[in-house]
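What follows is a short report on a single structure.
Bear in mind that the values in this text are calculations on the coordinates, not laboratory data. Worth saying up front: this structure is predicted, and the values here are computed from it rather than measured. Using ideal geometry, Cβ is built from the backbone for each residue, glycine included, and neighbour counts are taken over all protein chains shown.
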Amino acid sequence: MAEDPRAWWRHGVLYQVYPRSFADSNGDGVGDLVGLTRHLDHLQWLGVRGFWSSPITPSPNFDWGYDVVDYTGVDPALGTLADAETMIASATARGLKVILDLVPNHTSTQHPWFLESRSSRDSPKRDWYVWQDAKPDGSLPNNWQSSFIGPAWRFDEIAGQYYLSNFLPEQADLNWWNPEVRAEFERILRFWFDLGVAGFRIDVAHMLVKDRELRDNPPATDDDPFIEQLHGQRQQYNANRPEVHEIYRRWRVIADSYDPPRLLIGETPVWKPTILASYYGEGDELDLAFNFILLETPFDADAMHEVIETTLAALPQGWQAVWAGGNHDVSRFPTRWAGNSPTRARAALLMLLTLPGTPFLYAGDEILMTDTAVPPDRLRDPIGVQLYPMPFGRDPERTPMQWSAEPGAGFTDPGVEPWLPFGDLAVNVAAQRDDPGSALTLTRDLIGLREAIVDLHAGGYGRVDGPAGWWCYRRGERVVVAINLTGTAGVLGGVHGLLRISTDRSRDGEVLDGDLALEPDEAAIIWLDA
């Protein structure tokens, strides 16, 4: 099957960079664009097709880049616009695509738009945000709850009204009913596309449009997702509104006007596959929508299979699923799925890179970095600070990339304190780069095999009967993946073929003539006899 050069993302693996934590070029303890550019050879060597970077735009960093003050600039802590252009050019020269984070749901309250908006009820930008008076009894405009705990309305003394803020008080929600807001973001899309950016990951893609009448959300029930039960209400009127699809259909037209078309990826934390599928439209909205259902699923054979099967059933023929084991907001999969067990984490890695769709690796996944314990005095995440000592912060998965075991971990200069503490420096790129049995080598070989075998990057999915507690599935016609998720060794019968890659690399190339034996938490890819 020939690859469509206009849909380069269909066959390969993509990678996420959290720029503050990837590589520091100037010794200030904060990763930056020059540091990222210097490590592009690592991504090229690894074999990924491209990378998504968390926000690089200017920000006061109450939410570390997700509170934007300028959508067409670069945060000085990370570099300059010229540095961004150099990064894009350097990546392109290596065959790597650059995907940036776009944060269209809200801006910083320090953004010039918001400052103008709050200045007067007659301000031409007043309607760029969601301003509302209190109810006649003095209560809040409605019952909506912030995703970051507490009411979603903040009173502004200067403006004399409440503004909608579904995250931190320093993040004000834009009014996407306003055609001027829509036109401005279309300009922003074109600005970065014209610079050579291959696409955007759209933050909070499901929440841009809110109910025009600002109706109260109904109470959550026992059947609703945990997050809605936590807030006590179903997000009926402040998320997943039907009008949001008009925006993505328009963005699709803009993205498709470029050659090759630009990629649109949604951050879509929705909990029903049918709702997830709606963000693809009729193939005329997003190209990819992140599957958060998988992220919240335990590493259990039946549970994982159900997510894959129901997701694929919801996506019509030709639409592409996208999977990740973690990201900057979610605990790393070697901790969350594998309980910090290297053996079980290798099985999860093999699983992630053999699923049908587009997999994303989060920086550090390739060496099986785990969550890092961050002491109270080093917490940077506002949620972690707010909820301490409850372990709900996002700092543990945001700690710096570990390039070596040397002082500074190859991330920053020796003796410099990084913005977040390092984890176990025994886990690093340099130690694993030339080790044929390492997680890094396993990752590279899995990516290479996925690229080389059509069944793995484009074949269908179907579960294969196996021992209790095993997850076995077929990819295409000739590939079977088997994962023993039990605590005991076992055997899968009726297997005839070649073991291409096992998490126990000493078994690679083993000829199978009837039985496949796997140790606890071992996983393998088998090329079946014709």
Too long for a 27 Å Cα-Cα cut-off, among K135/K210; K135/K272; K210/K272, are K135/K272
Longest principal axis of the chain (C-alpha) makes with the long axis of helix 439-452 (C-alpha) an angle, in degrees to the nearest 10, of 90
Scalar couplings 3J(HN,Hα) for the range 173-188 by Karplus 6.51 cos²θ - 1.76 cosθ + 1.60 (θ = phi - 60°), nearest whole Hz, x for Gly and Pro, are 6, 6, 9, 7, 7, 7, x, 5, 4, 4, 5, 5, 6, 5, 5, 5
The alpha-carbon pair-distance distribution computed for the range 194-330, with 10 angstrom bins and whole-percent values, is 11, 38, 36, 13, 2
Inter-part gap, Cα centre of the range 183-221 to Cα centre of the range 351-370, in whole angstrom, is 26
Compactness check, the chain: C-alpha Rg relative to the 2.2 N^0.38 Å globular estimate gives 0.98
Length-normalised contact order of the range 460-528, Cα under 8 Å, at least 6 apart, in percent, tallies to 33
P(r) over all Cα-Cα pairs of the range 112-173, 10 Å bins from 0 to the longest distance, whole percent per bin, short to long, reads 24, 54, 22, 0
Computed over the range 261-332, the relative contact order (Cα-Cα under 8 Å, seq sep at least six) in percent reads 32
Using alpha carbon centers only, the range 493-530 is separated from the range 83-141 by a whole-angstrom value of 51
Here the Cα Rg-to-2.2 N^0.38 Å ratio for the range 460-528 is 0.98
Filtered hits (aspartates and glutamates, Cα-Cα < 15 Å from K125, offset >= 8 within chain) -> E116, D173, E180, E184
If one compares the long axis through the Cα atoms of helix 301-314 with the longest principal axis of the Cα atoms of the chain, the angle in degrees, nearest 10, works out at 60
With only helices counted (DSSP H, runs n ≥ 4, each -39500 (n - 2.57)), the per-residue ellipticity at 222 nm for the chain, to the nearest 500, works out to -7000 deg cm²/dmol
So the angle from the long Cα axis of helix 342-352 to the longest Cα principal axis of the chain, reported in degrees to the nearest 10, equals 70
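Per the Cauchy relation, a quarter of the hull surface: what is the mean projected area of the convex hull of the alpha carbons in the range 456-495, in nm²?
Approximately 2.9 nm², given one-decimal rounding.
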Of the candidates S404, N26, I453, the farthest towards the positive dipole end of the chain (Lys/Arg Cβ +1, Asp/Glu Cβ -1, centred on the Cα centre) is I453
Expected sort for 363-372, 445-454 on mean C-beta neighbours within 10 Å, highest first, is 363-372, 445-454
For the range 112-173 the mean separation of alpha carbon contacts under 8 Å (6+ apart) over residue count, i.e. relative contact order in percent, is 29
So, over other residues within a Cβ distance under 9 Å of Y461, counting Lys, Arg +1 and Asp, Glu -1, the net charge is +2
